[in-house]
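The structure appears below as structure tokens.
The values are calculated or read from the model by the stated rules, or taken from the named source; none is laboratory data. Nothing here was measured: the structure is a model prediction, and the numbers come from that model. Cβ coordinates were reconstructed from backbone atoms using ideal geometry, including for glycine residues, and neighbour counts include every protein chain displayed. Ligands, DNA and RNA are stripped out before the accessible areas are found, and what is left, the full protein with its side chains, is counted by its heavy atoms. Shrake-Rupley method; radii C 1.70, N 1.55, O 1.52, S 1.80 Å.
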Amino acid sequence: MSSPSRGGQPALRNVAIIAHVDHGKTTLVDQLLYQSGRYRDAELDKLAGGQHGLVFDSNDLERERGITIFSKNCAIGYESLAGDRYRINLIDTPGHADFGGEVERVLMMADGALLVVDAFDGPMPQTRFVLQKALAQGLQPIIVVNKIDRPDARPDEVVTEIFDLLVDLGADDHVLDFPVVFASAKQGYAGLRPDERPADMRALLEKIVTEVPAPRGEPDEPTQVLITTIDYSDYVGRIAVGRVLAGAVVDRQRVAVLNRDGDITQQQIGQLFTFDGLGKVQAERVECGDLCAIVGLDPIGMGYTVAAPEAPRVAAAVTIDEPTLHMM
Ligand code: GDP
């Protein structure tokens, strides 16, 4: 699970994307999805569940739609410069003031964070709000100074402002030594210096696979999935999205579902999915550390645990702040 893979399953990386509104989160994800097709091989596609190529490689309409339907998670395949294969789950983080610990739960899916900051605006209130929560969860941010193509971009000052913000938030030395890339999500490049104009976003993908730790978890323990978000579809109803904290989860598995108080209902998974591109693909099995979507559970909710019936344990509790009432 932890070592980069050349033979079997690709190694996993789970990254939350955090940003102030309009700093370019959507454009960045779209660009990463689009470009990952270039670094992707047919083998990876098969492992990812049989889809061929990126959903919108050959279809601009799909790509257009992609921009608007990116809501929660997507996944990209990436073969690194060192020749190792990865599957990167990109996790969207709500930037707004949250009620009831939504941001914390979403961040629990991640092992690292991309902090997208506008090269002119610099850090803004939402940047601070979500960054603070990411730090509280021990996530090391990779800073993406975005919109570097802007004529009024002031990248060096913005990096200093981010540094000062991190100091203000009490970040430790390791965090203060943050990796930075300078990007234009719009024009599709990311480099290690502000004056660089490389052809693509590889520098960012390399930072993700080298700086974000492999998922931790307990692969040899009984199944435990923390449900972090609930999606809804007219066709299948509630879709529980979460992270496999222990063991693996299997399609049609009989499970114990625990609410946040630990009350248990015995249920069966109706359908199991993993993430690929912008969509969810059906999976027989989702391994420890990966993200999954489960259909057919009711009752189910945010913060619930889906566990092996023989060892039902509530997943690590999330501390919930008092709602922040001033707008971020
Ligand atoms: P989000 O709210 O963080 O998801 O931001 P969007 O991705 O929707 O981008 C907000 C605006 O910034 C849009 O008009 C984008 O076209 C623009 N934008 C995003 N990335 C860049 C960039 O790298 N350079 C420039 N100049 N504009 C960008």
Among the candidates Thr127, Thr160, residue that is of a type outside the set (Asp, Glu), over 30 Å from Glu287 (Cα atoms) and open to solvent by 10 Å² or more (accessible area, probe 1.4 Å): Thr160
Top-ranked residue in segment 163-189 [being aliphatic (A, V, I, L, M) and within 13 Å of the ligand (Cβ to nearest atom); ranked as surrounded by the most Cβ atoms within 10 Å (Cβ to Cβ)]: Ala183
Every residue from segment 299-328 that is surrounded by fewer than 18 Cβ atoms within 10 Å (Cβ to Cβ) and at pLDDT 95 or above: Pro299, Pro309
Condition met for Leu135 (hydrophobic (A, V, I, L, M, F, W, C) and open to solvent by less than 30 Å² (accessible area, probe 1.4 Å)): no
Subset of segment 140-150 (residues that are more than 9 Å from the ligand (Cβ to nearest atom) and over 17 Å from Val167 (Cβ atoms)): Ile142, Val144, Val145
Filter result for the condition that a residue is within 16 Å of the ligand (Cβ to nearest atom) and loosely packed, with under 14 Cβ neighbours inside 10 Å, over Asp195, Asp220, Asp200, Asp234: Asp195
Qualifying residue in segment 275-284 (condition: among the aromatic types (Phe, Trp, Tyr) and open to solvent by 30 Å² or more (accessible area, probe 1.4 Å)): no
Helices (runs of 4 or more DSSP H) enclosed by segment 1-93 - at least 3 residues per element that are modelled with pLDDT of 90 or more: 25-36
First in segment 246-262 and at pLDDT below 95, second anywhere and part of a strand (DSSP E or B) and open to solvent by 10 Å² or more (accessible area, probe 1.4 Å), Cβ under 7 Å, 6 or more apart: none
Evaluation of Leu204 against (1) farther than 28 Å from Gly138 by Cβ; (2) modelled with pLDDT of 95 or more (one fails), failing number: (1)
